1. Given the criteria polar (S, T, N, Q), in contact with a helix residue (DSSP H, G or I) (Cβ under 8 Å, 6 or more places away or on another chain) and within 14 Å of the ligand (Cβ to nearest atom), does THR411 qualify?
2. When you scan the stretch 556-566, do you find a residue that is within 30 Å of THR637 (Cβ to Cβ), over 22 Å from the mean Cα position of the chain (by Cα), buried (at least 22 other Cβ atoms within 10 Å of the Cβ) and not β-branched (Val, Ile, Thr), even just one?
3. Suppose we filter ALA587, ALA582, ALA613, ALA644 for residues that are closer than 24 Å to ALA218 by Cα, of a type outside the set (Phe, Trp, Tyr), in contact with a Lys or Arg (Cβ under 8 Å, 6 or more places away or on another chain) and buried (at least 16 other Cβ atoms within 10 Å of the Cβ); which single one remains?
4. Any residue at all in the stretch 213-227 that is under 19 Å from HIS328 (Cβ atoms), at pLDDT 95 or above and in contact with a helix residue (DSSP H, G or I) (Cβ under 7 Å, 6 or more places away or on another chain)?
5. Do we have any residue at all in the stretch 327-350 that's in a loop (DSSP other than H, G, I, E, B), surrounded by 24 or more Cβ atoms within 10 Å (Cβ to Cβ) and under 14 Å from the mean Cα position of the chain (by Cα)?
6. Please work out if SER575 is surrounded by fewer than 21 Cβ atoms within 10 Å (Cβ to Cβ), hydroxyl-bearing (Ser, Thr, Tyr) and modelled with pLDDT under 95.
7. Could you check LYS629 against (1) touching a residue at least 24 places away in the same chain (Cβ under 8 Å); (2) more than 15 Å from the ligand (Cβ to nearest atom) and say which number it fails?
8. Could you please tell me which pairs satisfy a Cβ distance under 9 Å, a separation of 6+ or placement on different chains, a first residue in the stretch 522-548 that is at positive phi, and a second residue that is surrounded by fewer than 17 Cβ atoms within 10 Å (Cβ to Cβ) and assigned to a loop (DSSP other than H, G, I, E, B)?
Amino acid sequence: NHNHNHNHHFRHADSNASPPSSAVAKISHLKAVVLGDAPASEEDDVVLPSHDFSRQALVPSQQKYLEMYKASIENPAGFWSGIASSEFYWKQRWGDQVYSENLDVRRGNIKIEWFKGGITNVCYNCLDRNIDAGLADKIALYWESNEPGFDATLTYSQLLQRVCQLANYLKSVGVRKGDAVVVYLPMLMELPITMLACARIGAVHSVVFAGFSSESLAQRIVDCKPKVVITCNAVKRGPKTVFLKDIVDAALIDSANKGISVDVCLTYENQLALKREKTKWKEGRDIWWEDVVPKYPTSCDVEWVDAEDPLFLLYTSGSTGKPKGVLHTTGGYMVYTATTFKYAFDYKDSDVYWCTADCGWITGHSYVTYGPMLNGATVLLYEGAPSYPDPGRCWDIVDKYKVTIFYTAPTLVRSLMRDGDEYVTRYSRKSLRVLGSVGEPINPSAWRWFFNVVGGSRCPISDTWWQTETGGFMITPLPGAWPQKPGSATFPFFGVQPVIVDEKGVELDGECSGYLCVKSSWPGAFRTLYGDHERYETTYFKPFPGYYFTGDGCSRDKDGYHWLTGRVDDVINVSGHRIGTAEVESALVSHPQCAEAAVVGVEHQVKGQGIYAFVTPVEGISYSEELRKSLILTVRTQIGAFAAPDKIHWAPALPKTRSGKIMRRILRKIAARQLDELGDTSTLADPGVVDQLIKLADT
Ligand code: WTA
């Protein structure tokens, strides 16, 4: 059931069309602006890379990109094994086959394997290998606290020591290769330290974003049954203190009630937020990080693992209520995140890199921790809220650390844009050279503001399209290589074959619009959904047999540029956070006074999409402000504050077909107030419902 949000005009591919046709585009536009020349204005169709930038870029031209892209598609095994063997350490080389795959459900089970038989370790490649190459004293991590004035640094060798101490501690409490460790930490240095320590001993980390509620955390604990949970007592976000340990306590009670008890809760004392004396404590289970971890040796043998051994689990939202445990393995993920990071940001050794994403999401996994560290980059971690104490904080941080690559989400760009240029222009920002965007389509006006005001019309923007499932960038500009079009993610990364299909799964060519799929595998692809390979196949490979289905709509223009148009399934994207409408609905209906609920996404000025909920209270309960608040609270406690509905729309009944199916198409139109586009309502069991809903729209 893929819902169409807009009318698509399909043009079919002729059967002889060569696969990378999208990449052999010619720029037909005449109007263009060169980076550094002048601000990009509304009429500029394309922004050309400047000579100065291109000259120093890793991929300096379209020709070079096309050459490399062609090589990667014609001979994926050769392309990726060349990179894997020259840029990484392998204890033992992979077997005869670089990769093997079956992406076609009609030919049996879906299987993707890269570098199988190769023996390596991602932590070793991030730390030991870079230290051996001379980076021991290079800054690995800069940490900036929520409170201006508090910061810290770790060099690569110091980071390795910290990682080893934690790895040794984890081994001492019985964590072995293949065991899960659940991590519920904010953006402290201890978060990447924990990820790397798990990787070092072959344990599988499952990082849960520290904005999820205790119930969501419990659900994830029950699913992967960790030996240890790692958290901290509290964190400051802007002016607020969040008591994370209390949330973990509740989650551990909840999961114990469901039969999963956790022996060890390792808790970091985040002194800037809360002293240990004030932290609730369970003797025997809870252990202060600072009391044990520093006592362990600063070196720790590496657990050598197979390229196809799991590296981590990360839960994400789908169309049904239960979150999916996306599983990534070791070798392919390592090679893919490092390579995409390097090319998409035109990485140089002297760069100072800042990604504003939290490690609790995939962006933080691939592009705060693994991708940059594999490249030996200097990474900035920021603990706090981006507009605290004022909307200039980001640029204050950029100037303080001389950040060169700044990677963020459109929602932050839009919110800073609203706050006014003066917060930006009072800072120098002259260190910046590359900007990045991720999480949702970036609208052209936000793109131009980011480009002109933040980047001073000097810095290319890498608008990276990808997903938790893809592990790394899939469609992205390579700075310096391509003319950019504001709002377009441009062209596929090396080795990626995106295709746009119609609803029958027929590939479209040329200028077209439809469902975005991917043909054949890439090293960073997820291998399964934890404990549910069937759901993996059903969700991603059955809708369009022969392809990986992304869940996104996409159009391609006459120059071959890709324009992502948003999700076509029941997933909404709020401030770049993926939320399943079904998850919010099931939270709402668990409220004793809620009979029925239907949730849709609606356009939102800052968040991209907002959460719009239609709610029918149980018989005899009247609409009230109190009920509205209590419904929203229920969603906050069951999922997390970021999933709280923006609007509750009272519904005497929901529009349903005669067979009882909710007609979401109509609800989306009502939510968007596109009342003249409701379409045919005659198939509804009770067409009168629509008028009732319209009457209640603004109550
Ligand atoms: C959306 C985040 C347009 C898309 C890395 C995708 C984007 C979902 C972009 C994945 C982009 C991400 N342009 N849309 N540059 N990046 N998306 O799993 O709908 O949290 O399917 O991964 O975000 O969200 P996820």
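1. Here the answer is no, as THR411 does not meet what is asked.
2. No, because not a single residue in the stretch 556-566 is within 30 Å of THR637 (Cβ to Cβ), over 22 Å from the mean Cα position of the chain (by Cα), buried (at least 22 other Cβ atoms within 10 Å of the Cβ) and not β-branched (Val, Ile, Thr).
3. On inspection, the qualifying residue turns out to be ALA644.
4. No, because not a single residue in the stretch 213-227 is under 19 Å from HIS328 (Cβ atoms), at pLDDT 95 or above and in contact with a helix residue (DSSP H, G or I) (Cβ under 7 Å, 6 or more places away or on another chain).
5. Taking every residue of the stretch 327-350 in turn, none turns out to be in a loop (DSSP other than H, G, I, E, B), surrounded by 24 or more Cβ atoms within 10 Å (Cβ to Cβ) and under 14 Å from the mean Cα position of the chain (by Cα).
6. yes
7. If we test LYS629 against (1) touching a residue at least 24 places away in the same chain (Cβ under 8 Å); (2) more than 15 Å from the ligand (Cβ to nearest atom), just (1) comes out false.
8. Pairs that qualify, where the first residue is at positive phi and the partner is surrounded by fewer than 17 Cβ atoms within 10 Å (Cβ to Cβ) and assigned to a loop (DSSP other than H, G, I, E, B), are GLY546/ASP104; GLY546/GLY505.
The values are calculated or read from the model by the stated rules, or taken from the named source; none is laboratory data. Since the structure is predicted, the reported quantities are computational estimates derived from the model, not experimental observations. Glycine gets a Cβ as well: all are built from the backbone with ideal geometry, and neighbour counts include every protein chain shown.
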